[in-house]
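Down below is the structure, laid out as structure tokens.
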Amino acid sequence: MSSVSRAQTPLAQAYHPRLGRFVSEEALGDWRLKLYGLAAPEKGVRDELHQRVFVGRPDDLTQMRPVELTPTGCVWELGIVEFERRAWIEDVIGNEAGPDIARYMGRRFDGLI
């Protein structure tokens with residue numbers, strides 16, 4: 001390992017908790033969707049739904065470029081995905097009493113990630 005400790009590298013300082021909050025339930029045909037928002041805790045979650053994802057080298061942020069139509073997930077989004085995954089297993093596909101969609105739809109993440 002180099003003489004610079006991991007705690008002093010820029011990546012070690014990159015994580016800051018984000019607020020994840022349920023925004024709305026939407027219907028698309030027979031599908032029911034839960035929409036979530038993410039924001040810095042001091043800004044709060046707004047109802048606009050948008051995302052911009054950029055990739056590049058951490059040592060040269062001037063070369064960042066937008067990601068085009070590629071599924072991705074950041075550490076904050078993955079926190080909500082994990083919540084939804086567990087809820088889906090517990091309430092629908094792993095529920096010994098049978099699928100309970102109403103219970104699943106009633107579960108909503110709201111907190112810091």
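All of the numbers you see were taken from the coordinates with simple rules; none came from a lab. In this text, all values refer to a predicted model and were calculated from it rather than measured experimentally. Cβ coordinates were reconstructed from backbone atoms using ideal geometry, including for glycine residues, and neighbour counts include every protein chain displayed.
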Around I80 (Cβ within 13 Å, Cβ-to-Cβ, excluding I80; K/R +1, D/E -1) the net charge comes to +3
Per the rule of 0.36 nm per residue minus the C-alpha distance, extending D100 to V55 adds in nm 12.3 nm
Here the stretch 78-85 yields Karplus 3J(HN,Hα) values (6.51, -1.76, 1.60; θ = phi - 60°; whole Hz; Gly and Pro given as x) of 5, x, 6, 4, 5, 4, 5, 4
Those trypsin sites (Lys or Arg not before Pro) from the stretch 19-107 that are DSSP loop and have at most 12 other Cβ neighbours within 10 Å turn out to be K43, R46, R52
The simple spin-label model distance between Q13 and E48, using points 7 Å out along Cα→Cβ, in nm, is 2.9 nm
Honestly the stretch 17-112 on the Cα gyration tensor test (a ≥ b ≥ c root eigenvalues; a/c under 1.5 rounded, otherwise a/b vs b/c for prolate or oblate) is just prolate
Note on the stretch 17-112: contact order normalised by length, alpha-carbon pairs under 8 Å, 6 or more apart, percent, works out to 29 percent
So, with points 7 Å from each Cα along the Cβ direction, the T62-E25 label distance in nm works out to 5.1 nm
Under the Karplus relation with 6.51, -1.76 and 1.60 and θ = phi - 60°, whole-Hz ³J(HN,Hα) for the stretch 14-24, x at Gly and Pro, equal 7, 8, 9, x, 10, 8, x, 9, 4, 9, 6
